[in-house]
Amino acid sequence: PHNLVVVKPGTREKVGIAALALTPDDRDTRGRAFVPETGDVVAATKLLESGQSESLRIPANATRTEGVYEYVCTFPGHWLVMWGQLVVTKDVDAYLKANPIAATTPVAAAHNH
């Protein structure tokens, strides 16, 4: 099983370690397993098995601050290798100029047109 948890900038490791302390019976207020009860979690899905899907809505006010938010699978042990970045910026061109490595990735390059 996997989930998708969006966390505040710089908190992926802290949230991943907190998830390791949870058992399958520990559920957050929305009934999701392995999602720590912390203000560092912006949004999260439930655990999904192969073939299942879920939509995730991120509240606009949760990512109002510019920064590099991360998304991660918090199933035990997965946070170390299953994660990515979500860049929140008002000026994409300025961000890409300041972070040229990001511009070489296919996704960033595709959105730079």
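Against the conditions (1) among the hydroxyl-bearing types (Ser, Thr, Tyr); (2) exposed (fewer than 11 other Cβ atoms within 10 Å of the Cβ); (3) modelled with pLDDT of 95 or more, Thr74 satisfies every one except (2). Determine, yes or no, whether Asp28 is without any contact (Cβ under 8 Å) to a residue 24 or more places away in the chain, more than 15 Å from Pro76 (Cα to Cα) and surrounded by 14 or more Cβ atoms within 10 Å (Cβ to Cβ). Yes, satisfied. Go through the residues of the stretch 91-111 one by one and say whether even a single one is surrounded by 15 or more Cβ atoms within 10 Å (Cβ to Cβ), within 19 Å of Asn3 (Cα to Cα) and at pLDDT below 95. So far as the stretch 91-111 goes, no, none of its residues is surrounded by 15 or more Cβ atoms within 10 Å (Cβ to Cβ), within 19 Å of Asn3 (Cα to Cα) and at pLDDT below 95.
The values are calculated or read from the model by the stated rules, or taken from the named source; none is laboratory data. These numbers come from a predicted model, not from an experiment. Please note: Cβ atoms are built from the backbone with ideal geometry, for glycine as well, and neighbour counts cover all protein chains shown.
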